[in-house]
1. Let me see the P(r) profile for segment 179-315: every Cα-Cα distance counted, bins of 5 Å, each bin given as a percent of all pairs.
2. If Lys and Arg each add +1 and Asp and Glu each add -1, what is the summed charge of the other residues whose beta carbon sits under 13 Å from the beta carbon of Pro353?
3. Just to confirm my numbers, what's the Cα centroid distance between segment 265-319 and segment 1-52 in Å?
4. List residues of segment 308-337, by number, whose backbone nitrogen lies under 17 Å from a label position 7 Å along Cα→C-beta of Phe382.
5. Between Lys285 and Ala187, take the C-beta separation as r, use R0 = 41 Å, and let me know the FRET efficiency to the nearest 0.05.
6. What net charge is computed for the residues neighbouring Pro376, neighbours being all others with C-beta under 13 Å from the C-beta of Pro376, Lys and Arg scored +1, Asp and Glu -1?
7. How far apart, in nm, are two points set 7 Å out from the Cα along the Cα-to-Cβ line at Lys224 and at Glu62?
8. Indicate the gyration tensor shape class of the chain (rounded, prolate or oblate), computed on the Cα atoms with a ≥ b ≥ c the square roots of the eigenvalues: a/c under 1.5 is rounded; otherwise a/b larger than b/c is prolate and the rest oblate.
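Every number in this text was worked out from the coordinates using simple rules, so none of it is lab data. Since we're looking at a predicted model, the values are computed, not measured. We place every Cβ from the backbone using ideal geometry, glycine too, and count neighbours over all the protein chains shown.
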Amino acid sequence: MAKILVVDDEKAIRRSIKEILEFEKHSIEEAEDGQMALDMALKNNYDIILSDIKMPKIDGIELLQKLIENNINSSIIMMSGHGTIETAVDAVKNGAYDYLAKPIDLNRLLISVRNALEKGDLVTETKVLKKKIIKSVDMIGNSKAIQNIKDIIEKVAPTDAKVLITGSNGSGKELVAKWLHEKSNRANGPLIEVNCAAIPSELIESELFGHEKGSFTSAVAQRKGKFELAEGGTLFLDEIGDMSLSAQAKVLRALQENKITRVGGDKEIKVNVRVIAATNKNLEKEIEKETFRQDLFHRLSVIPIHVPSLDERKDDIPLLADYFLELICEEMGIVKKTFSKEALKLMQEKNWPGNIREFRNVIERLIILGGKEITPEDVKQFG
């Protein structure tokens, strides 16, 4: 059941729409002009606002603008008996969800309301998921190294500067990339991740730049690459130190000219992408071995960020333990467990060659196999 506000200066039309929608079990309120509707929308939450365009005091288009200015989240459906295609287009351009011509067609009205409600559900679900995603990429820690990374992200994220993230496997390089994206002006665009180490060298160019139909044996259809899929957003090239020299040359060209060419094609395609790269290798040594291009290294490392290993920031272990306890217990639907002081101390004394990835797995194992309070004995047995 939805809460709907019907706005029209003609009482008979309001009542007619109200009867139809109440029959569908919706809760209906009425407003006889735009000003009254605005006052009601500022005080109440409506799933949908159905508004006439031609009204005294404030007409429907002005009401629409004021609702949007005041961040009213309702889906707004405009109605008019004097409608033209131009009126409908203008209403939708100004932010309306839909436009209905009078006399109102019953089926058209019900379909529009149903679709608006489904769209509202999707928007709500997206917001919830985005909150979960943002929570999952929280950078936890108060150590000097982590604070320094957070400070750099705050300064760099709003720019389009290229960032090279270095650090050992499992240290959290991908979290830094995600946080850079979430805090950037491209946050509403896609974040496309490519693990260069997981893609065979003969396929990496097709993966990044796409291919034309028939360009090689298995190319049965045209395919967009990751650069095109990341349009308007961020492309994260993980483990770029494992990329072939041939692909490196094409990536360099893409970064220099903001253009790509699909494998087997000759058409240049403009791309608007921010590139963030990461590696667990020492790229300067790879340059000496002639397995990595020096010009690409300089192009990628405008802003270098080094992520320390967990063994280099053991002071953060109590915070990380509490964070993962809450996160994993919530995922499992159980009451949050706790660590004894002695157990935490033991966790800090351990070495973590697998870094954050290993640490999280151990926390999950301790939650499953340990008691309500995780003890040193639990850590020795299951950690």
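1. In whole percents, the pair-distance histogram is 2, 10, 18, 21, 20, 14, 8, 4, 1, 1, 0, 0.
2. Summing Lys and Arg as +1 and Asp and Glu as -1 gives -1.
3. Taking the Cα centre of segment 1-52 as reference, the centre of segment 265-319 is 55 Å away.
4. 321-337
5. Working: r = 35 Å, r/R0 = 0.85.
According to the calculation, E is roughly 0.75.
6. Working: positive: Lys341, Lys345, Lys350, Lys380; negative: Glu342, Glu349, Glu373, Glu377, Asp378.
For residues surrounding Pro376, the net value is -1.
7. 4.2 nm
8. Working: a/c = 2.79, a/b = 1.53, b/c = 1.82.
Taking the square roots of the gyration eigenvalues as a ≥ b ≥ c, the chain is oblate.
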